[in-house]
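Encoded as structure tokens, the structure appears first; notes follow it.
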Amino acid sequence: MAFSVVLHPAFLLAVLSLRASRSEVLEEPLPLTPEIHKVSFQLKLQEVNLEWTVPALTHEELNMIFQIEISRLNISNTIWVENYSTTVKREEAVRWNWTSDIPLECVKHFIRIRALVDDTKSLPQSSWGNWSSWKEVNAKVSVEPDKSLIFPKDKVLEEGSNVTICLMYGQNVYNVSCKLQDEPIHGEQLDSHVSLLKLNNVVFLSDTGTNINCQATKGPKRIFGTVLFVSKVLEEPKNVSCETRDFKTLDCSWEPGVDTTLTWRKQRFQNYTLCESFSKRCEVSNYRNSYTWQITEGSQEMYNFTLTAENQLRKRSVNINFNLTHRVHPKAPQDVTLKIIGATKANMTWKVHSHGNNYTLLCQVKLQYGEVIHEHNVSVHMSANYLFSDLDPDTKYKAFVRCASANHFWKWSDWTQKEFSTPETAPSQALDVWRQVWSENGRRIVTLFWKPLLKSQANGKIISYNIVVENEAKPTESEHYCVWAPALSTNLSLDLQPYKIRITTNNSMGASPESLMVLSNDSGHEEVKEKTIKGIKDAFNISWEPVSGDTMGYVVDWCAHSQDQRCDLQWKNLGPNTTSTTITSDDFKPGVRYNFRIFERSVEHKARLVEKQRGYTQELAPLVNPKVEIPYSTPNSFVLRWPDYDSDFQAGFIKGYLVYVKSKEMQCNQPWERTLLPDNSVLCKYDINGSETKTLTVENLQPESLYEFFVTPYTSAGPGPNETFTKVTTPDARSHMLLQIILPMTLCVLLSIIVCYWKSQWVKEKCYPDIPNPYKSSILSLIKSKKNPHLIMNVKDCIPDVLEVINKAEGSKTQCVGSGKLHIEDVPTKPPIVPTEKDSSGPVPCIFFENFTYDQSAFDSGSHGLIPGPLKDTAHQLGLLAPPNKFQNVLKNDYMKPLVESPTEETSLIYVSQLASPMCGDKDTLATEPPVPVHGSEYKRQMVVPGSLASPSLKEDNSLTSTVLLGQGEQ
């Protein structure tokens, strides 16, 4: 009983446990095996299409997972495994697509599938079901033995994609090589007659495609290939925007991105489709970047657009939503007018397109003159106006207006433009004037300068400048000058009196306020100190000490340093409490000296020079070296001079000069320094400190030695340019000493020769001239009569021994006495005594002339001439015409009487050339018998013969010619 009690519960537990285990086995669903009904392919897309069903499906629909396995060449070569989840309905086929990376024409594929239930409605399945049977996908084509094929044909793909090219060739074709354009492609062998070429990340080369050409090296060598059409990647539309201008249409626009069009109709331009989600409308755009959407009346304010771009390879979409009232882009304002009010005001009016009385626009008004722009905002419903004020006279303006929504700003409308000009008016500003004064020929030359008025000050086109010059000493008298524009200066010539100068400028509407300038007596003659300043880049800092407290201001003027007094003068006006300023100018250049003058202007408009300053913005090294001359040299020194070098017109302040000297000895004595040049040549250097010293004596040199020198100035920026050295040789010491001795001696000898020559000429002229003149002979003064100082020569002082008759009555024969030997019988042993006065006794001194060339009275009368003749006359012809005992008669009858009767002052001597021999005969005969010149005749000087020798005895060797002895008292 007890055992049965214990056994019964145990039995029950065993039965229950067996029932539960059996129940679990029965509740797990049986595995479902898919059944493939259809396998197809699309060779153009290289796509395999698979279709299957799940038999014995216990539910109307179940979520299932299918595992698809694909093998290539054989079922053991699995190349693809994919899990595909989908909802399966009873008695409804499931479809799936797969794209092969290898053209299907080249190789066979095998496909099988199995399933797994993945649904809560069914008991969970712990493992995959059974595989379906294999299905073969065979699109392979056959190839003839001598031919080759390539796949795919004319493939279209995106840039950056990967593609595999398949080559199939017959059994007689081997070793096929291919090129992409001109680049070789290396492939892999799939089997004995199939090769694969894999191209990764292909690039876009041309919209006409990329060529692949292949050729076999063994077998038929026919070229075959294909074309890859690589397209640009389709981009998503950018900056999509929609707006309305009249609440009737929506203008939508976008940026399409790159063009993906391919030629040969392989791919057309991408399409753009605009769909609105609230109205369920879709519109295809005919343009690549815009579309106009028609707004239906009373439609919604909110819009939600999707813009889709699509080409053959892919799609891209972008979304935009907005409120219509927030996307209002107004049209440009219309009916814009401008009314000119005076010379400084103008009123502009305009209208806007109506959007209802409750719709407000904000309009922006812009006034432009040159680069200056003024903007103003105005609220507008239908029309508006705006007044422009403070305009410049005689100015062209441009007025603009545009509008936008005032409540929800989206975009401004386009500008509406209007141009207008204001009229002229008289100049409103006095001229800024200045002057430059200098003296010339005792007068003052005044150059007046003025700056042109600004456009806003001239108020019109300037025509002329009027100048009134008033002498303060004569205020009622003034001079007027007119200078026509565009001149900015003029010259005046004034005396040294004080003057007032008034200057105005005119346009067509009137004159400007006058500018006054006063010239004092000392204007242009002020003497002030001048200091040196150092500029900075493009500027000078000028400062000065105030001179007096009674000043109206200061004027600083400046110009570039030049030798001409006239320059491009600039000036700057400063206030009365200013003692420093910075002068800047774009015209400042390095290496140019600028001169500054500071003037103080008094309340009387007088300008007084306070200070002068000079400086450079940047000093440069000198550009020119001086021209050196050597005025003097000795055996031990030579002098260098460069007086013509102008140190005031250089590229910097000349601080001194560097003198370089070199020679073979190269001994540098103090204060010379031994230095090296950039070319490593050694020489001696001497530094002349100061620009005024332009002479240097180089000493301690060797005679007859060659030296080379070079002189260059230097500034704070450095020395002048390097140039060639000049050579100089010192003279010999002995020759130099001899020169010092010989030169004075030579001068003394030369002076003595000059003096002696001058003295000899004087002696010759006084004692024995070439042609003696008795009136000038100083010998006569020795025997001149004291009683009659006018007597030149008295006949009574001489005792003649021979007389020659020159003149006689017409028709008679002229008797001549020839030179040569006299007849002995005709020559007296004693000199004949020819008394002319009763009281005369004894011999007296006489003058004996051996050369009588002419008779002054006869020469003056023209009745006598020279009678030259031969000296070959006979002895009787050379004798006297009258014997000695008849001398007195001859003298008395033919000669003495006319001489005594003639005044002493009118008496003349008759000279006959000693070269001639008088001829006897008629004067007519003289003309027919030409004279024969006598050679070897000589001139014999005059002499004074004492009385005892008045009649010397004549011997045979005497050659006295034309001898005349004049007795005392005869002339």
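The values are calculated or read from the model by the stated rules, or taken from the named source; none is laboratory data. Everything quoted here is computed from the prediction, not taken from an experiment. When we count neighbours, we look across all protein chains shown, and the Cβ atoms used for this are built from the backbone with ideal geometry, even at glycine. Remember, those area values only see protein heavy atoms, side chains included, never the ligands or the DNA or RNA. Shrake-Rupley method; radii C 1.70, N 1.55, O 1.52, S 1.80 Å.
Overview of values
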item: Exceeding the 30 Å Cα-Cα cut-off - candidates LYS135/LYS179; LYS44/LYS147; LYS89/LYS232; LYS108/LYS198; LYS153/LYS238; result: LYS135/LYS179; LYS89/LYS232; LYS153/LYS238
item: Principal axis dimensions, largest first and in whole angstrom, of segment 334-422 by Cα; result: 41, 23, 17
item: Relative contact order, percent, segment 433-616 [alpha-carbon distance under 8 Å, six or more residues apart]; result: 19 percent
item: Filter on LYS529/LYS589; LYS411/LYS461; LYS572/LYS627; LYS140/LYS221 - keep pairs with C-alpha separation over 31 Å; result: LYS411/LYS461; LYS572/LYS627
item: Relative contact order of segment 213-306, pairs being alpha-carbon contacts under 8 Å that are 6 or more residues apart, as %; result: 23 percent
item: Equivalent ellipsoid semi-axes - Cα gyration tensor, segment 433-616, angstrom; result: 28, 21, 17
item: Using alpha carbons only: equivalent-ellipsoid semi-axes of segment 459-560, gyration tensor based, whole Å; result: 31, 22, 13
item: In order through segment 503-517: 3J(HN,Hα) via Karplus (6.51 cos²θ - 1.76 cosθ + 1.60), integer Hz, x for Gly, Pro; result: 10, 9, 10, 10, 10, 5, 9, x, 10, 7, x, 7, 10, 10, 9
item: Point-to-point label distance, VAL755-THR296, nm (Cα→Cβ direction, 7 Å offset); result: 14.6 nm
item: Whole-Å distance, taken between Cα centres, linking segment 102-170 and segment 654-682; result: 98 Å
item: Alpha-carbon spread of segment 288-369, three principal axes, descending order, Å; result: 70, 33, 16
item: Residues of segment 334-422: accessible area per residue with a 1.4 Å probe, Å²; result: 56 Å²
item: Under 14 Å, Cα to Cα: Lys pairs in segment 629-736, sequence gap 8 or more or different chains; result: 4
item: Cα-based Rg / Dmax (Å) for segment 148-231; result: 12.6, 37
item: Placed amide H near ILE295: partners under 5 Å, 5+ positions off or other chain; result: THR249, LEU250
item: Residue-span extension gain [PHE247 to HIS605] - 0.36 nm each, minus C-alpha spacing; result: 121.6 nm
item: LEU574/TRP412 FRET efficiency (R0 60 Å; Cβ-Cβ; nearest 0.05); result: 0.80
item: Extended-chain gain in nm, criterion 0.36 nm per residue less alpha-carbon gap, GLN670 and LYS280; result: 129.4 nm
item: Amide proton proximity set for SER132, modelled H, under 5 Å, gap of 5+; result: ILE113, ARG114
item: For segment 610-619, 3J(HN,Hα) per residue [Karplus equation, 6.51 cos²θ - 1.76 cosθ + 1.60, θ = phi - 60°, Hz, x = Gly/Pro]; result: 9, 7, 10, 9, 9, x, 10, 5, 7, 6
item: Under the Karplus curve 6.51 cos²θ - 1.76 cosθ + 1.60, θ = phi - 60°, whole-Hz ³J(HN,Hα) for segment 456-471, x wherever Gly or Pro sits; result: 6, 9, 6, 6, x, 7, 6, 9, 7, 10, 9, 10, 10, 10, 10, 6
item: Quotient of Cα Rg and 2.2 N^0.38 Å for segment 56-211, N being how many residues it contains; result: 1.39
item: Cβ-defined net charge surrounding ASN385, 13 Å radius [Lys, Arg +1; Asp, Glu -1]; result: +3
item: q = 0.22, 0.23 Å⁻¹: log10 I(q)/I(0) that the Debye formula gives for segment 629-736, counting C-alpha atoms only; result: -1.29, -1.37
item: 5 angstrom amide H check on VAL610, placed H, neighbours 5+ away; result: ILE598, PHE599, GLU600
item: For segment 562-616 versus segment 254-271, the gap between their alpha-carbon centres in whole angstrom; result: 73 Å
item: Hull shadow area, averaged, segment 249-313 [alpha-carbon convex hull, nm²]; result: 4.9 nm²
item: Efficiency of FRET between GLN702 and LEU747 - r from beta-carbon atoms, R0 30 angstrom, step 0.05; result: 0.50
item: Normalised alpha carbon radius of gyration of segment 323-471 [divisor 2.2 N^0.38 Å]; result: 1.66
item: Per residue accessible area of segment 238-326, 1.4 Å probe, in Å²; result: 59 Å²
